[in-house]
Amino acid sequence: MILSDSRILEEIEKGTIVIEPYDRKYLGSNSYDVHLGKYLAMYNDTVLDARKHNTISHFEIPEEGYVLQPGQLYLGVTEEYTETHAHVPFLEGKSSTGRLGIDIHATAGKGDVGFCNAWTLEISCVHPVRVYAGMPIGQLIYFPVEGPVINNYSNKGDAKYNGRTNKPVESMMWKNKF
């Protein structure tokens, strides 16, 4: 079951869903539109290693936009900071974004109950496309949770993406034990 617009509004009123900045005009019938933040990042190395800390370089999207290139992974970030305290948030691309050949996440479309941050986007494209800071990039949908949550993300000691940021965050896979 997905929350409707009226239920999303109720949860915002209760404080179980937080969206900053929030603008009612971005609330759809069962989703909330999020926008591309002003920073992108790219990995510094051409070969990434899951056991090592792969560093990234951030850059600001210029006013005239930035042309994404196929075959390149870009990390982006949502303009919106979100908190979800009683629901599972899913981030999906908008159909208009997809029709430009832009994919906003490789595998990480689901958040956890207790996730509090802007969303890092794993952006790729099928042909060169110009993007702009502030453009609609995706939509959040919310699913209710059945039963009490024992392991809230914001309280997990090993949660790797808890720090509030307005810039994309690189993979922290290297912090896992394997």
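We did not get these values from a lab; they are worked out from the coordinates using the rules stated. Here the structure is a predicted model, which is why all the values come from computation and not from measurement. With ideal geometry, Cβ positions are generated from the backbone for all residues, glycine too; neighbour counts draw on all protein chains shown.
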Next item on the list: Tell me which residues come under 5 Å, amide H to amide H, from Leu36 once H is placed; ignore anything under 5 positions away on its chain.
Entry: Glu79, Gly134, Met135, Ile137
Check: When only C-alpha pairs under 8 Å and at least 6 residues apart count, what is the relative contact order of the chain, in percent?
Finding: 30 percent
Checklist line | Efficiency of FRET from Cβ geometry, Val88 and Lys156, R₀ 22 Å, rounded to 0.05 | finding: 0.90
Checklist line | Vicinal HN-Hα couplings computed from phi for the stretch 81-90 (Karplus, 6.51 cos²θ - 1.76 cosθ + 1.60; Hz; Gly/Pro x) | finding: 8, 10, 10, 9, 9, 9, 9, 9, x, 10
Notebook entry, point to check: Within the set Lys38/Lys160; Lys25/Lys175; Lys14/Lys94, which residue pairs have Cα atoms separated by over 32 Å?
Noted result: Lys25/Lys175
Notebook entry, point to check: Which of Thr107, Leu3, Leu140 sits closest to the plus end of the dipole of the chain, meaning its Cα is farthest towards the positive end, when Lys and Arg get +1 and Asp and Glu get -1 on the C-beta?
Noted result: Thr107
Item checked: Estimated 222 nm signal from helices in the chain, with DSSP H stretches of n ≥ 4 weighted -39500 (n - 2.57), rounded to 500 -> -2000 deg cm²/dmol
Next item on the list: For Phe115, enumerate residues with amide H under 5 Å from its amide H, sequence gap 5+ or separate chain, H modeled in the peptide plane.
Entry: Thr84, Tyr153, Ser154
Checklist line | Charge dipole magnitude, Cβ of K and R +1, D and E -1 - the stretch 37-178, Cα centre, debye nearest 20 | finding: 300 debye
